[in-house]
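What follows is a short report on a single structure.
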Amino acid sequence: MQDGKPNRRGQATVDCPPYTTKIIKAGALLPDTKALLSCWDPEQSVAENLRRVRRQNLLGKTSRSRTEDILAIFRQRYLGEESVAKALSRLVRNRCDANSIDRILYFHATRADPLLRDVVLEILVPQWALGVTQVSVAEVHWTLRQWVMAGKTTSVWSDATLRRVVRGLLSTLRDFGVLRGTVNKHIAPAYLPLPAFCYIAFYLKQNQTSGAKLLDMAEWKLFFLTRESVERFLVDAHQHGLLEYYAAGSVTRLTFPASSLEEYADVIARAAT
């Protein structure tokens, strides 16, 4: 898990793996992802599920190559941990709030794609903090060029590739609800439904035993949240019985009414209906 905090603008995360151009073929893929999750069989292995998707053409694509592109991105984003696909499948099948699912998918997509993550953390978040909401395509392009020159990419990108990557990034963030606008894009008002917040908090808590440190994790900045905002979410979730949160001075206790991500997905889905 990447826990490094963003550095100054124009400088990529220190321990970040090389950036790729996968975003060109990916996008948010929300309808396709939800279609895959709705037919995901937790009793079958990943390989068996993917074979069934191909055999039955469950994505309804006329091009086999397009199906393979989507499955490759799906695998990268959601199949790295067995529990994630199972939990997401439960949320989709139990008809959890669509906005919550979209935000959770965005969260996992940023974890799987360091470039997508760093564009938010190192370009959009500092801009938002200054009260600037309009996104400059030229500035995003310039920053990515600096990252290429700094050797942060898997290869040297041409200007044409850079333009395609920037378009892919901005359209993906628009589809995930982070940006709005077709031609001129703006940072959208930060909105994170409570069920999505709780899912992400549980996921992060699996690898961060300290409740106090969890409040300061960089992942919350993906949703433009301050530490105070995270704490308000925790209090709200406590009041709704989705978790238990107690803070007294330097002592913080955070517990959940489930022992696994899959079980907690059921808790969230029931509360959201």
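Among the conditions (1) farther than 25 Å from Lys34 by Cα; (2) in contact (Cβ under 8 Å) with a residue 24 or more places away in the chain, the only one that Leu105 does not satisfy is (1). Going through (1) in contact with a helix residue (DSSP H, G or I) (Cβ under 8 Å, 6 or more places away or on another chain); (2) surrounded by fewer than 17 Cβ atoms within 10 Å (Cβ to Cβ) one by one, Ala112 falls short only on (2). Of the helices (runs of 4 or more DSSP H) lying entirely inside segment 161-260, the ones with 1 or more residues being acidic (Asp, Glu) and more than 19 Å from the chain's Cα centre (by Cα) are found at 227-239. Taken together, the residues in segment 82-95 that are surrounded by fewer than 14 Cβ atoms within 10 Å (Cβ to Cβ) and touching a residue at least 40 places away in the same chain (Cβ under 8 Å) amount to 1. Quick one: is Tyr245 surrounded by 12 or more Cβ atoms within 10 Å (Cβ to Cβ), of a type in the set (Phe, Trp, Tyr) and at pLDDT below 95? So Tyr245 passes the test.
One line per residue, one yes/no per condition, for (1) in a helix (DSSP H, G or I); (2) within 26 Å of Tyr191 (Cα to Cα); (3) not small (Gly, Ala, Ser):
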| site | (1), (2), (3) |
| --- | --- |
| Leu36 | yes, yes, yes |
| Gln44 | no, no, yes |
| Leu58 | no, no, yes |
| Glu68 | yes, no, yes |
| Ser83 | yes, yes, no |
| Ala87 | yes, yes, no |
| Arg90 | yes, yes, yes |
| Asn99 | yes, yes, yes |
| Asp102 | yes, yes, yes |
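From the list Leu121, Leu130, pick out the single residue that is in contact with a Ser or Thr (Cβ under 9 Å, 6 or more places away or on another chain) and either of a type outside the set (Gly, Ala, Ser) or under 23 Å from Pro31 (Cβ atoms) (or both). After applying the criteria, what remains is Leu121.
A single entry from Val119, Val148, Val132 fulfils the requirement of being surrounded by fewer than 20 Cβ atoms within 10 Å (Cβ to Cβ) and either in a helix (DSSP H, G or I) or under 21 Å from the mean Cα position of the chain (by Cα) (or both): Val148. For segment 145-156, the criterion of a residue being under 30 Å from Glu262 (Cβ atoms) and aromatic (Phe, Trp, Tyr) is satisfied by no position.
The values are calculated or read from the model by the stated rules, or taken from the named source; none is laboratory data. None of the values given here were measured: they were computed from a predicted structure. Cβ sites come from the backbone with ideal geometry, for glycine too, and all protein chains shown count toward neighbours.
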